Amino acid sequence: MEFRQAIHSEHAKQLDTQGLRDQFLIEKIFKNNELNITYSHLDRLIVGGALPIDKPVPITTSMCQHTGTDYFLERRELGTINIGGPGSITVDGTRYEVATHEGLYIGKESRDIQFESSDSADPAAFYICCTPAHQKYPTRKVTLSEASPQTLGSASNSNERTIYKYFVPDVLPTCQLLMGMTRLEEGSLWNTMPCHTHERRMEAYFYFDMADDSVVFHMMGEPQETRHLVVRNRQVALSPSWSIHSGVGTGRYTFIWAMAGENQTFSDMDHIPMEELR
């Protein structure tokens, strides 16, 4: 497990390109036959991936040393979306088949969890987000058709996209985790603009389905002093509550967003007028 400390906005202004990447970009999410995770002090969100190729990948008991609990999800909830081939997740003896672009919410107090692929030639790739939890809610699978869709943007603004809300109050109860996937239409490059912040929540963007020679310029920083990260396929940008989070790609892409913080009101955003951006 890697760790990322919370960074003050005034500190972030002093960082060069590599400094920004070290603090706010997670470059390696998946490792073959391993659980690879990063613990962020931004609302104590844990992000990572499980990539089972030819054997199951468990959440081992050693992970609890990082949470100070008897087992990993004793005081946490976990959401995962499969961006690879078909696979399965076993939670305390119950097996859930999780196909491509399907998600599984795993409730607090789940103990024995392991990830598997159905075909080693087309392995599943489970992107994971995990937050502190105060209450136990049922483990449940969410298919793409069950996710709450919202279509936004337009072709003329190069931002036509559909937001699929997997783990939100309209679909299922969670303690604080909000998680979903946004798919851009062909020819669209921006994920959101005008941009916003939300002082009451942090957010993480996991970019994927990108061509090898494509990048996303992920905008970050305070609205009046913006910066950017160059993000490649299957990488995560961490966004503190004081930072905008918006991106434009050199080609089409998809991203999974996850939020943690004070509330679960998806529309609770502090929009930034275009004329105020610097």
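Nothing in this text is a laboratory measurement; each read-out follows from the coordinates by a stated rule. Computed from a prediction, not measured in an experiment: that's the story for all the values here. FYI the Cβ positions are ideal-geometry reconstructions off the backbone, even for glycines, and counts take in every protein chain you see.
With neighbour counts taken as other beta-carbon atoms within 10 Å, the residues 246, 267 rank, fewest first, as 267, 246. What pairs from 13/108; 31/165; 31/141 go past 32 Å between their alpha carbons? Beyond 32 Å: 13/108. Reported to the nearest whole Å, the Cα centre-to-centre distance from segment 121-155 to segment 178-234 is 18. Hull volume per residue, based on the alpha-carbon atoms of the chain and their convex hull, is 122 Å³. Taking amide hydrogens as placed 1.01 Å from N in the peptide plane, the amide H of residue 226 sits under 5 Å from those of 278, each at least 5 positions away in sequence or on another chain. Footprinting exposure proxy ranking of 72, 266, 167, 208, fewest other C-beta atoms within 10 angstrom first, gives 266, 208, 72, 167.
Legend: calculated FRET efficiency, residue 276 to residue 170, from the Cβ-Cβ distance at R0 = 35 Å, rounded to 0.05, equals 0.65.
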